[in-house]
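The values are calculated or read from the model by the stated rules, or taken from the named source; none is laboratory data. All figures in this text were calculated on a predicted structure; none of them were measured in a lab. FYI the Cβ positions are ideal-geometry reconstructions off the backbone, even for glycines, and counts take in every protein chain you see. Quick note on the areas: whole protein, heavy atoms, side chains included, nothing else; ligands and nucleic acids left out. Shrake-Rupley method; radii C 1.70, N 1.55, O 1.52, S 1.80 Å.
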Amino acid sequence: MTLKALPFLAITCLLAACGRTSEAVTPPVAPTPSALYELNFQNLGSAQATASAQRLGGGLGAQRLENAPEPLGLGTTPLSTLEFVTTENGKSVRHAQATFKLTNTSGRALKNLVFLPVALNDTDGDPSNNAQAPTAGGTPFRTVRYFDGSDASALAGTLTPVQGQRLNTDKTAAQADPDADVYFRGLSTAGLNVAAPAGLSVQVTDGGWLAATSLAAGASTNVTFAVDMGGVDPANLKATPYSFSLLVTGGEDATATDLSSSVDPASIQGVIPDWKYGEGQVLGYDYTGPVVVGTVAATGIVGGRLPSAPRVEGLLSGCTFSGESSARNPGLSSFSSTYAVRTVAGDLLGTLRERDTAGQFVLRVYSDTAVRLKGRQICAGFETQLDVSLNRGWNLVNERLVGVDEQDTVTFAVTSVPMGTRTQLQYSPSREGIEVIFDDQGELALRAGQTATRSVRLNQSGAISGDVTLETNVPGVTVTPATLTLPSLETAPIRGQGLRRQGVGAQALARNLTFSAEAEAKAYSGPLTLIVKKGGIEVGRGSLYVSLTVPSVSAYFTTSLSEQTGSLAQGETRDFPVALSSVEGYAGTTTVTLAGLPAGVSATTETVTLTANGQANATIKLTVGPDVTVGTTFDVQVVGPKIVAGSNATQSYSVSPIRTPIALRGYHASAPAASGVWILDRAADNTLTLLRQEGRQTVQRVDLGILNKDPLGSPAYTTRLFSTPGGDALVLTLNDGSTQGAYVFTLTRVGATGERSAVTLRGSDLNYGVLTGKPDAQGNFWFLSNTGAGVALNKASLLTSTAERVTMLTEVDSTNPILSSPDGRTLMIVGSSRLYRIDTATAVVSDAVRNTSQPLPAVLDNSGNWYAVGGGGILRATPAGDTRSYNNTYGYGNIIGIDRADPNSLWLFGGSSFLKLDLTNNAAKATTIYTYSSQSPYLSNAGQSLNGGGGAWLFGSSTTYSGTSTTTYFASLVK
């Protein structure tokens, strides 16, 4: 591999991951047992953010904490705290950190001291026997709270331990603080021994902060703990944790050993103590990738020389340089400060890192000429600050990470190491693992009930040995053999150029594996991962692409795309036609039904028989129970033991109110009753029947006969239904209207107990203005009429038929609508440019306030406020002219009226849905009554009305055609 245009010495990042943040830490081993510490972060998001630390005592009562002597001397008060919020790419993160003083009071030197977050889990679910509170949801955090002190444990998963951060120079983004302790991940915690408080179990994370690589007894250092909080809304920081506690424990890496190396820059020498793995190899990393640079003898002696003529890249190759250079574009090569140690067979055992006596990383640099370099080399994404004097050949230099700026440019400082400086090699064993390599990376073709074979190589890492298990991540696909025995690398005599193992060990490195698909496996196309586990813990994996074909049945709904969502009424049964096709030659009998159904919704199971590559159809009946909650939403999916869902195999529905059948010959009108609703039925011969509906029951039916004798032939227009404020029905019919000025109207009144009366209105100036009239609370009927002098406002007694003229009006027409408040105490006449308000008790008529730019009123409430739809919203105007707007995001255009049981609710209707608007808080709830579907009778809207006990009614019809059309009616009540 050739890497061009890399910065000077940047190859060190290939293994070391760039500077301090990549320092190798081998498995920590804790003191016995390791203590628990609790770090408390408080007042986050305020100017007084604080933190504290304490050791958690043992043998205490439940939920009780105790300060105790610090075996690691972690201070209780932080030296400093830092908190800030940054937003990058639209995502905001809050960062909090605290730095504490740490003193080694253990009485011995500590090496590679790491603090690791710890989760405390309730093992038996009984909080009464817990010595301490468990942490939240398997995280190391507890007592997570909002600003107001309420529980925020649900957000514990958004908290992440990280390396300490700082703001960049522009204070617009966070960057790693090079002075903060590095947070390492992927650590082995198997050697940790943490005392679990009573009733709880301990789960140590595999990451931690490296507090010190070496800390003498009695010495002190600083350690920074930092946490990131994701998903922050900068405009609402009170919705993020205001305080939390983080539990940690201390561990020590006791396996790393310092070894002396040669002062010759071209050679690598040292000894690995307790070496047990026979001959091995040392790999370095230069611009071309891994290169064997030395060997490890069976005695553990490390020896090697770097290439005498390595491949070089010019200083200016893809980069720029500014500063002092005694040679033009010298050719350079470098080896990382980290070397891999492996067996001759390729098994990774550990790493060697090289430092000088001051603890700085040492790199080997080759120059094709003697050169003095002092300046800056800038490449894409990297900057190197150089101050080196290089001889021709190999040289030793120190590299230090300076930082990363807001443009993500990584800056290094590189200085020369004096000739003759002795360096140290530090050996760290690798974590146990397996590298899985498939010899053939092509697609693995599998068929249900059959097998396929692939050869695989397993490379051992970290001296892993013993029994391991093999499994796949694809359900229904197994691997044989499922268990392998890895030989111990410790018993590895040398034979020729390869590493051979005793017994059957060599067979475990290259094996043919058989992958088997169960007969009932599901079809799958994608990555198959071979997972290797030891003791139930994953130690390696490898992937290849698999195509698993299964003889099956493809099923999909035959409805159109527009019908894939909709509503189903309480009590409704609907047919769902499904098309089925044989896939991969399936032949036989299977069943098909619907899944995803909530409680109270059921579906039939249908049996179908398919020939190989054939097709079939089935109709599944779905029934919604009458008591399923209105508004329940669910996704209907075609399922079955052999079913593979097609592209249109899922449909979404919501439950609408029950559609109660109503025995009508022809719906004409409806109006609220004192209890329930009045419905006026008009037959083709103009015979009228009045019904009263309460819920699902028709509780009253009154045959009115033919009341309308309109000689002009328009009884559908001249028959009206009103309800009085007391809830009686009032049917208005035209008995005579043959000539202008000779109109005779009849008002038939029907009560809830069946009482019936009628009055007649006649007069020379009566006209169709009577049709827009309204009854009031005093037993009168108000209407408009035309006179020679203009438009008159009249009222007639519903008891005596006596009519009187109240006043003359201007700027209105006799057919303008009259609005009535639910209690009948206020009327409003709506003209195109003028409004009149009438107090029905005093017959006082006054002008109502309305701006001409406002929409025309549609509804009155008992306080005299009027409501209208317009301008994308809903307008309310008070008698004084004050207005308030409500949202109408649903676009409902028809106002039904004020709820008869709740004066703070307004009902609207649009298409086939009701909207109930809360006038106090602008909250809205929409309820769909029906949607159109070719799978059910065509439904149409007949009318709407308020319900006397609260709520609103929709009256609809469905028409079926079979030679002749048949129309049935239904009613749905929405609360």
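Which condition does residue 766 not pass, out of (1) open to solvent by less than 30 Å² (accessible area, probe 1.4 Å); (2) within 59 Å of the chain's Cα centre (by Cα); (3) at pLDDT below 90, if it passes all the others?
Going through (1) open to solvent by less than 30 Å² (accessible area, probe 1.4 Å); (2) within 59 Å of the chain's Cα centre (by Cα); (3) at pLDDT below 90 one by one, residue 766 breaks only (2).
I'd like the residue in segment 935-975 that is modelled with pLDDT of 85 or more and outside any strand (DSSP E or B) and, out of all such residues, is farthest from residue 729 (Cα to Cα).
975
Note down all Cβ pairs under 6 Å where the first residue falls in segment 272-285 and is closer than 11 Å to residue 304 by Cβ and free of Cβ contacts under 8 Å to residues at least 60 places away in the same chain, the second is open to solvent by 60 Å² or more (accessible area, probe 1.4 Å) and not in a loop (DSSP other than H, G, I, E, B), and they're at least six residues apart or on different chains.
Close Cβ pairs satisfying both conditions: 283/290; 283/292.
Kindly list the number of the only condition in (1) open to solvent by 30 Å² or more (accessible area, probe 1.4 Å); (2) on the phi > 0 side of the Ramachandran plot that fails for residue 720.
Unmet for residue 720, out of (1) open to solvent by 30 Å² or more (accessible area, probe 1.4 Å); (2) on the phi > 0 side of the Ramachandran plot: (2).
Wholly within segment 405-460, which strands (runs of 3 or more DSSP E) include no fewer than the required count, namely at least 1 residues that are open to solvent by 20 Å² or more (accessible area, probe 1.4 Å) and among the acidic types (Asp, Glu)?
433-438
Please state which one of 338, 320 is closer than 27 Å to residue 381 by Cβ and in contact with a Leu (Cβ under 9 Å, 6 or more places away or on another chain).
338
Out of (1) buried (at least 17 other Cβ atoms within 10 Å of the Cβ); (2) in contact (Cβ under 8 Å) with a residue 40 or more places away in the chain; (3) in a strand (DSSP E or B), the odd one out for residue 658 is which?
Residue 658 satisfies every listed condition except (3).
What number of residues within segment 799-828 satisfy the criterion of being touching a helix residue (DSSP H, G or I) at 6+ places or on another chain (Cβ under 9 Å) and either under 22 Å from residue 778 (Cα atoms) or not β-branched (Val, Ile, Thr) (or both)?
The number of residues fulfilling the criteria is 5.
Only residues that are open to solvent by 50 Å² or more (accessible area, probe 1.4 Å) and of a type outside the set (A, V, I, L, M, F, W, C): list them for segment 370-404, please.
Hits for segment 370-404 are 372, 374, 376, 385, 387, 389, 391, 392, 400.
Out of (1) modelled with pLDDT of 90 or more; (2) open to solvent by 50 Å² or more (accessible area, probe 1.4 Å), the odd one out for residue 584 is which?
Of the numbered conditions (1) modelled with pLDDT of 90 or more; (2) open to solvent by 50 Å² or more (accessible area, probe 1.4 Å), the odd one out for residue 584 is (1).
Return yes when residue 258 is buried (at least 18 other Cβ atoms within 10 Å of the Cβ), over 19 Å from residue 85 (Cα atoms) and modelled with pLDDT under 80 and no when it is not.
Working: buried (at least 18 other Cβ atoms within 10 Å of the Cβ): no; over 19 Å from residue 85 (Cα atoms): yes; modelled with pLDDT under 80: yes.
So residue 258 fails the test.
Among the listed residues 150, 128, which satisfies the condition of being modelled with pLDDT of 90 or more and open to solvent by 40 Å² or more (accessible area, probe 1.4 Å)?
Answer to the selection: 150.
Select from segment 518-554 the residues that are open to solvent by less than 40 Å² (accessible area, probe 1.4 Å), in contact with a Gly (Cβ under 6 Å, 6 or more places away or on another chain) and not hydroxyl-bearing (Ser, Thr, Tyr) and list them in ascending order.
Correct list: 521, 530, 532, 539, 540, 551.
Anything in segment 88-106 that is of a type in the set (S, T, N, Q), within 20 Å of residue 40 (Cβ to Cβ) and under 20 Å from the mean Cα position of the chain (by Cα)? List them, or say none.
Those that are of a type in the set (S, T, N, Q), within 20 Å of residue 40 (Cβ to Cβ) and under 20 Å from the mean Cα position of the chain (by Cα): none in segment 88-106.
Given 317, 308, which one is more than 29 Å from residue 409 (Cβ to Cβ) and either outside the structural domain of residue 363 (by the TED database) or modelled with pLDDT under 90 (or both)?
Testing whether each residue is more than 29 Å from residue 409 (Cβ to Cβ) and either outside the structural domain of residue 363 (by the TED database) or modelled with pLDDT under 90 (or both) leaves just 308.
Would you confirm, using the coordinates I've provided, whether residue 133 is modelled with pLDDT of 90 or more and assigned to a loop (DSSP other than H, G, I, E, B)?
Values: modelled with pLDDT of 90 or more: yes; assigned to a loop (DSSP other than H, G, I, E, B): yes.
Considered against the rule, which asks whether it is modelled with pLDDT of 90 or more and assigned to a loop (DSSP other than H, G, I, E, B), residue 133 comes out as yes.
Does segment 731-738 include one or more residues that are farther than 17 Å from residue 705 by Cα, open to solvent by less than 50 Å² (accessible area, probe 1.4 Å) and not in a loop (DSSP other than H, G, I, E, B)?
no
Kindly state which strands (runs of 3 or more DSSP E) lie completely within segment 185-233 and contain at least 3 residues that are in the same structural domain as residue 249 (by the TED database) and modelled with pLDDT under 85.
Per the criteria, 208-215.
Looking only at residues that are assigned to a strand (DSSP E or B) and open to solvent by 20 Å² or more (accessible area, probe 1.4 Å) in segment 876-894, which one is farthest from residue 927 (Cα to Cα)?
883
Could you please find all residues in segment 671-699 being of a type outside the set (Val, Ile, Thr), open to solvent by less than 20 Å² (accessible area, probe 1.4 Å) and in contact with a strand residue (DSSP E or B) (Cβ under 7 Å, 6 or more places away or on another chain)?
Passing the criteria: 671, 672, 673, 676, 678, 680, 681, 688, 690, 691, 693.
Quick check, is residue 304 touching a Pro at 6+ places or on another chain (Cβ under 9 Å), surrounded by 16 or more Cβ atoms within 10 Å (Cβ to Cβ) and either of a type in the set (Gly, Ala, Ser) or outside any strand (DSSP E or B) (or both)?
So residue 304 does not fit the description; no.
Kindly establish whether residue 643 is surrounded by 18 or more Cβ atoms within 10 Å (Cβ to Cβ) and more than 30 Å from residue 584 (Cβ to Cβ).
Judged against the criteria, residue 643 is not a match.
For segment 342-350, state whether one or more residues are closer than 21 Å to residue 399 by Cα and open to solvent by 10 Å² or more (accessible area, probe 1.4 Å).
The first filter runs over segment 342-350 and keeps only residues closer than 21 Å to residue 399 by Cα, leaving none.
No, the conditions are met nowhere in segment 342-350.
Using the structure shown, decide if residue 320 is over 28 Å from residue 426 (Cβ atoms), in contact with a strand residue (DSSP E or B) (Cβ under 6 Å, 6 or more places away or on another chain) and open to solvent by 20 Å² or more (accessible area, probe 1.4 Å).
Yes; evaluated as a whole, the condition is true for this residue.
Output the residues belonging to segment 286-318 that are among the polar types (S, T, N, Q) and in contact (Cβ under 8 Å) with a residue 24 or more places away in the chain.
If the condition is that a residue be among the polar types (S, T, N, Q) and in contact (Cβ under 8 Å) with a residue 24 or more places away in the chain, then 288, 299, 308, 317 are the ones that fit.
Considering every residue within segment 573-581, establish whether at least one is open to solvent by less than 20 Å² (accessible area, probe 1.4 Å), under 39 Å from the mean Cα position of the chain (by Cα), farther than 20 Å from residue 929 by Cα and modelled with pLDDT under 90. Talk me through it step by step, then tell me what you get.
Within segment 573-581, the subset open to solvent by less than 20 Å² (accessible area, probe 1.4 Å) is 574, 576, 578-580.
Restricting the remaining residues to those that are under 39 Å from the mean Cα position of the chain (by Cα) gives 574, 576, 578-580.
If we keep only those that are farther than 20 Å from residue 929 by Cα too, we end up with 578-580.
Among the residues that remain, those that are also modelled with pLDDT under 90 are: none.
Within segment 573-581, none of the residues are open to solvent by less than 20 Å² (accessible area, probe 1.4 Å), under 39 Å from the mean Cα position of the chain (by Cα), farther than 20 Å from residue 929 by Cα and modelled with pLDDT under 90.
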